[in-house]
1. For residues that are in a helix (DSSP H, G or I) and either of a type in the set (Lys, Arg) or within 15 Å of the ligand (Cβ to nearest atom) (or both), scanning just region 314-337, find the one that is most open to solvent (accessible area, probe 1.4 Å).
2. Looking at region 234-251 only, could you name the residues that are touching a residue at least 40 places away in the same chain (Cβ under 8 Å), more than 8 Å from the ligand (Cβ to nearest atom) and of a type in the set (Gly, Ala, Ser)?
3. Going through region 83-122 one residue at a time, which ones are β-branched (Val, Ile, Thr), more than 17 Å from the chain's Cα centre (by Cα) and under 27 Å from Cys27 (Cα atoms)?
4. Are any residues in region 276-286 in contact with a Gly (Cβ under 7 Å, 6 or more places away or on another chain) and assigned to a loop (DSSP other than H, G, I, E, B), and if so, which ones?
5. Please state which one of Arg5, Arg13 is of a type in the set (Lys, Arg) and under 19 Å from the mean Cα position of the chain (by Cα).
6. For residues that are more than 16 Å from Leu103 (Cβ to Cβ), out of contact with any Cys (no Cβ under 8 Å at 6 or more places or on another chain) and either buried (at least 16 other Cβ atoms within 10 Å of the Cβ) or β-branched (Val, Ile, Thr) (or both), tally how many sit in region 130-144.
7. Give the residues of region 287-313 that are in contact (Cβ under 8 Å) with a residue 40 or more places away in the chain, part of a helix (DSSP H, G or I), more than 20 Å from the chain's Cα centre (by Cα) and surrounded by fewer than 20 Cβ atoms within 10 Å (Cβ to Cβ), sorted by residue number.
Amino acid sequence: MTAIRDLFGRALRNLRISVTDRCNLRCAYCMPEEEYVWLPREELLHFEEIGRLVDVFVGLGVDKVRLTGGEPLLRRDLPRLIGILAAKPELRDLALTTNGVLLADQAVALKGAGLHRVTVSLDTLRPARFTALTRRDTHARVLDGLAAAARAGFTSTKLDTVVMRGVNDDELADLIEFGRTVPAEVRFIEYMDVGGATRWSMDKVVGRAEMLQRLERRYGTITPVAEESTAPADRYRLADGTVFGIIASTTAPFCADCDRSRLTADGMWYLCLYAQQGTDLRGPLRAGAGDEALAALIRPGWQTRRDRGAEARLALRDRSPLVEVGQLRQDPHLEMHTRGG
Ligand code: SF4
């Protein structure tokens, strides 16, 4: 399938679908507030509606889908959606990002339904630190979830860690060592100033260069892995062959290759993690729009896309959180946990 392209020649290939805005953790970099405005349940897309929209996106070039949230495993009966999507041969990659808390219960069903691979978010190996960071006491369940994923037969598992100065930046090597045992490829993500990160500040960001310096002190020479990819992580190899990634969204954005767009659980489509406005696809879908009418909404949106959100942020002299709490209350679609980070 020839993918449609945006104004910078970037193909539409990758669709991230948030299946719920709810989460069972309260990570400090994503959901630091006490209260949230949730999407009304009746506005959430049904699985068949998601399947239809994916068909339309596939017709325009999408061949990779990642399910996100919130925490996607909170969506009841998620394996049924996986089954609907796994039956589409055009999707060469079907992945899920989860915080892992419910993974032990669901790993076998997810694998059986046809999910290709999982990415588990884990920011610390220390239970007390996990509780402080997430305001929930479920560290052991995440570790159980990782073990269950391996037992269920998942391979190419990734472990995503948001690195924050003074919070968990002393665990880089520990996480690499842990990743070997799972096994999972660890990816360190720079702390980002996206919606929901209302406590973000540049001095809490540990940039890629600093992470590499610290890891070189521990492991010696680190070699970049040469590969053609639009994936957000730059990958590196240690002398013993262990590979890890760094997603340098804050200090070295990768917007130039960005083939991702995002669909929220209630059917709003966003062209960029930083986009302030999206396109409502649920309304037309429920009003009876056919596939071609839906494609006619999506196609011009992508073809006139000029979003380079992270690069625009990098160019700012004074950087502060992207969105204020009041704005997030007015439009919860600006939240990272609604948009699927
Ligand atoms: S900031 Fe926007 S354009 Fe840049 S990589 Fe992220 S989603 Fe893509």
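The values are calculated or read from the model by the stated rules, or taken from the named source; none is laboratory data. Only a predicted model underlies this, so the values are computations on that prediction, with no experimental measurement involved. All Cβ positions, glycine included, derive from the backbone under ideal geometry; neighbour counts span all protein chains shown. These area figures cover heavy atoms from the full protein model, side chains too; ligands, DNA and RNA do not enter into them. Shrake-Rupley method; radii C 1.70, N 1.55, O 1.52, S 1.80 Å.
1. Within region 314-337, the match that is most open to solvent (accessible area, probe 1.4 Å) is Arg329.
2. If the condition is that a residue be touching a residue at least 40 places away in the same chain (Cβ under 8 Å), more than 8 Å from the ligand (Cβ to nearest atom) and of a type in the set (Gly, Ala, Ser), then Gly245, Ala248 are the ones that fit.
3. Val108
4. Leu281
5. Only one candidate passes the filter, namely Arg13.
6. Of the residues in region 130-144, 1 are more than 16 Å from Leu103 (Cβ to Cβ), out of contact with any Cys (no Cβ under 8 Å at 6 or more places or on another chain) and either buried (at least 16 other Cβ atoms within 10 Å of the Cβ) or β-branched (Val, Ile, Thr) (or both).
7. Asp291, Ala295, Arg299, Gln303
Let's see how each residue does on (1) aliphatic (A, V, I, L, M); (2) open to solvent by less than 20 Å² (accessible area, probe 1.4 Å):
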site	(1), (2)
Ile189	yes, no
Ser201	no, no
Thr230	no, no
Ile247	yes, yes
